[in-house]
Amino acid sequence: MGKFRFTLRSVAIVRAHKELVAREALAAAFRASVAAEQRLNAARQRLSAMELMRTAGRSGRFRPADEVAFYHAYRAECTVEAELRGRLAAAINEVEVRRKACVEANRNVKAMDRLESNALAAFRTAGFRAEQAEFDEIASRRSALPRDLTQ
């Protein structure tokens, strides 16, 4: 018998490459999600600081112009925080999409691995059968030879 050669090797290589690309995309999406979460946390901290400044400013004199300017800055920061919440939700959805793609690519690679192992097992079985047939042929030739009865 010749050497084992998996006929779908090129398909397995392509699927392994797709899995690698899917893993890299998942990692990039996860990093983007973490960065979006950090930006959202920073915006929330700024909002908390602004709220503390607003409550601390109420103990002194009331200045309407300052209150209006602060209110506009606070509303702008709330808008930024809401936008960052939306971006975080989008990033989390992207991570889920990439995770599903990565799982599917991994399934495809595992299917190719199973096919290869089945093909290797079939190749080995055929080799064992050919070897056994050769042993049987040798045994039948030896049994067909006349025996020396003088011994």
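Taken together, the values in this text are just the output of simple stated rules run on the coordinates, not laboratory data. Everything quoted here is computed from the prediction, not taken from an experiment. So basically every Cβ, Gly included, is an ideal-geometry build from the backbone, and we count neighbours across all protein chains shown.
Numbers at a glance
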| read-out | value |
| --- | --- |
| FRET E, pair ARG142, MET1, Förster distance 35 Å, beta-carbon r, rounded to 0.05 | 0.90 |
| Partners for LYS110 among lysines (Cα-Cα distance below 21 Å; same-chain residues under 8 apart left out) | LYS18, LYS100 |
| Filtered trypsin sites (Lys or Arg not before Pro), region 27-120: DSSP coil and at most 11 other beta carbons within 10 Å | ARG58, ARG61 |
| In nm, spacing of pseudo-spin labels at ALA133 and SER10 (7 Å Cα→C-beta vector) | 3.0 nm |
| In Hz, Karplus ³J(HN,Hα) per residue of region 5-18 (6.51, -1.76, 1.60; θ = phi - 60°; x = Gly, Pro) | 9, 7, 6, 9, 4, 5, 5, 4, 5, 5, 5, 5, 5, 4 |
| Neighbour-count ranking [beta-carbon atoms within 10 angstrom, fewest first] of ILE13, ILE92 | ILE13, ILE92 |
| Stokes-Einstein diffusion coefficient of the chain, Kirkwood radius over Cα pairs, 25 °C, 0.890 mPa s, in µm²/s | 109 µm²/s |
| Extension gain from ARG124 to ALA35, taking 0.36 nm per residue of separation minus the Cα-Cα distance | 26.9 nm |
| Under the Karplus curve 6.51 cos²θ - 1.76 cosθ + 1.60, θ = phi - 60°, whole-Hz ³J(HN,Hα) for region 122-129, x wherever Gly or Pro sits | 5, 5, 5, 4, 5, x, 5, 5 |
| Distance between modelled label sites at ILE92 and ARG58, nm, 7 Å Cα→Cβ extension | 3.1 nm |
| Neighbour-count ranking [beta-carbon atoms within 10 angstrom, fewest first] of LEU26, LEU8, LEU52 | LEU52, LEU8, LEU26 |
| Alpha-carbon Debye profile of region 89-130, log10 I(q)/I(0) at 0.21, 0.25, 0.26, 0.27 Å⁻¹ | -0.69, -0.79, -0.81, -0.83 |
| Cβ-Cβ FRET estimate between HIS72 and ARG99, R0 fixed at 41 Å, reported to 0.05 | 0.50 |
| Karplus-derived 3J(HN,Hα), 6.51/-1.76/1.60, for each residue of region 60-72, Hz, glycine and proline x | x, 6, 8, 10, x, 5, 5, 4, 5, 5, 5, 4, 5 |
